[in-house]
Amino acid sequence: MTTTSNVSNTDPLYDLRTENQVKSAAKSAVEEMQTRFMSLLTAQLKNQDPMNPLDNAEMTSQLAQMSTVEGIERLNNLFQKFVDAQIQSQIDTLGLQAVNLVGHGALVPGDNLTLTDEGGVAGFRLDGNADSVTVTIKDGNGNTVRTMDLGSQPAGVQNFVWDGMNDAGEKAENGNYRISVSAKQGDEAVKASALQFGMVTALTRTSEGSLLQVGSLGNFKVDEIWQVL
């Protein structure tokens, strides 16, 4: 089966909200500092000793410091606009990638496997290389229908096809099954996570980010799409 690479992406909408909050806080802090500076300077001028007035050089230095702060703020604003543009570009790219997934099969977290006349498709994710991987397929009553020895498998995401035959060599009934995956490297267990297969049928944009509807399996974030088939 031909597969494409993992399309996992970090949803940037959270980063966008964070950037806006930081920008607002920074602007408020600078404005507050400017107000406090002018209040202090005004108080100094009002309360200065007529016999020992505020030194012009000192006042000039303070005004220069204020000017420097304003210059830094303008530079920060320009940089923030650049960052905002980059974030928006990431959002647009992410949305485009997500739209392109509609109509394709995908592996997402879960242990469902649907058997049809053509067979059943599912997958798994390994945290490390394994020299022994076993997939156990059970029916709705928890009875083991088929045990598949997939041998040695590399770390990462893999898919497999069940031909629908049970351990007795007979055709199992079409319908929904559950899978579990175990893996070992020598005598050490390797963490394995089951992945279920479904067709991406729709894209929804929410305040939480982009959600992809994967058939009857439910909605998943873009970074939960582990493989596109």
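Before moving on, here are some points about what is shown:
- Stokes-Einstein diffusion coefficient of the stretch 85-214, Kirkwood radius over Cα pairs, 20 °C, 1.002 mPa s, in µm²/s: 131 µm²/s
- A straight chain from ALA168 to SER132 at 0.36 nm per residue would run longer than the Cα-Cα distance by 10.7 nm.
- Sequence of MET165, MET148 once ranked by neighbouring C-beta atoms within 10 Å, starting from the fewest: MET165, MET148
Read-outs throughout are calculated quantities, based only on the coordinates presented, and are distinct from any laboratory measurement. As the structure is a prediction and not an experimental result, all values here were calculated from the model. For neighbour counting, all protein chains shown are included, and Cβ atoms are generated from backbone atoms with ideal geometry for every residue, glycine included.
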